[in-house]
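Report on the following structure.
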Amino acid sequence: LLFSYYIYAEYDRNKSEEVSKEILAEIKEQVDTTVKKDENDKIVVILEVPGTQEDNEDKTENQNNNQTKTNNTKIDTKTYTSKDGVKYTTEAILKIPKINIEYPVLSATSDALLFVSLNKYWGPQPNEVGNYCIVGHYYENGKMFGKLHKLKNGDKAELTDLSGNTVTYQVYDKKVIEPTDVSCTSQMVARDMQIRELTLITCTNGGKQRLVVKLRQV
């Protein structure tokens, strides 16, 4: 029975990987800087922090209004619906050469979406001033964020937004935190310093804790 479960689980992961790669290929085909960006474009706020969801959305929208956009173009993106009914689009591509991964970043997060690809967890639009947080499953076979623990200070990652802009980020910190600790998603430092940050989050220690990798624009 255990062997059968392992085979099924691996099959399920491979199917999810195929979906992720299909989305990735679709984004790469569509990235174009000739289409104007929709002025009403909004980010999807997922993380629950102290205060109401409405308060969180207001804070994030105000933050975006205070940021300077680096590009006025955006492609039309396809809207998908996950198995649990969550609607989402794709808004970036994360590439980390050191651990040989490249995945689309989905604009929402849910249990079902985490099996498809990396999910946006919190923050501004991709490559804008602020702390852009990405969450991904840890798989022992190395898929998704299964090799995130191998990153060290100085390693680099690339985030490509849907305007075709690629920004390089460099690891400056790595730590293990409790699941209830959301301080790594704070926007205060990045906003005050007017810098771009990436925060990559996955499970560790059998899901009991979280591994966090912090990066800043080079």
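Derivation of every value follows stated rules applied to the coordinates shown; laboratory data play no part. None of the values given here were measured: they were computed from a predicted structure. Note that each Cβ is placed from the backbone with ideal geometry, even for glycine, and that neighbours are counted across all protein chains shown.
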Completion exercise
Once the mean of 1/r over all distinct C-alpha pairs in region 76-139 is inverted, the Kirkwood radius in Å reads 12.3
Exercise for the section: Could you tally the net charge around Val86, taking each other residue with its Cβ under 13 Å from the Cβ of Val86, Lys/Arg +1 and Asp/Glu -1? Expected result: +1
Handout entry: Stretch gain in nm, segment Thr166-Asp111, where the contour uses 0.36 nm per residue and the Cα spacing is subtracted
Key = 17.0 nm
Problem - Listed residues Leu94, Gly123, Asn165: farthest to the positive end of the dipole of region 92-172 (Cβ charges) - result: Leu94
Exercise for the section: Using per-residue counts of other Cβ atoms within 10 Å, averaged over each peptide, order 101-107, 193-199 from highest down. Expected result: 101-107, 193-199
Handout entry: Estimated vicinal HN-Hα couplings, Hz - region 133-149 in sequence order (Karplus 6.51, -1.76, 1.60; Gly, Pro = x)
Key = 9, 10, 10, x, 5, 9, 10, 5, 7, x, 6, 6, 9, x, 10, 4, 5
Problem - Quarter of the Cα convex hull surface for region 111-199, i.e. its orientation-mean projected area (nm²) - result: 6.5
Completion exercise
Applied in sequence order to region 182-189, the curve 6.51 cos²θ - 1.76 cosθ + 1.60 (Karplus, θ = phi - 60°) yields integer Hz couplings, x standing for Gly and Pro, of 10, 4, 5, 8, 4, 9, 4, 5
Handout entry: Sites Val218 and Lys98 - FRET efficiency at Förster radius 22 Å, r taken between beta-carbons, to 0.05
Key = 0.95
Handout entry: Contour minus Cα-Cα distance for Thr81 and Ile195 (0.36 nm per residue)
Key = 37.7 nm
Exercise for the section: Rounded to the nearest Å, what's the spacing between the alpha carbon centres of region 80-128 and region 169-184? Just the number, please. Expected result: 18
Handout entry: Distance between modelled label sites at Asn205 and Glu22, nm, 7 Å Cα→Cβ extension
Key = 3.9
Fill in the blank from the handout: Taking placed amide H atoms and a strict 5 Å upper bound, the residues 5 or more places from Asp155 or on another chain that come that close are Val171
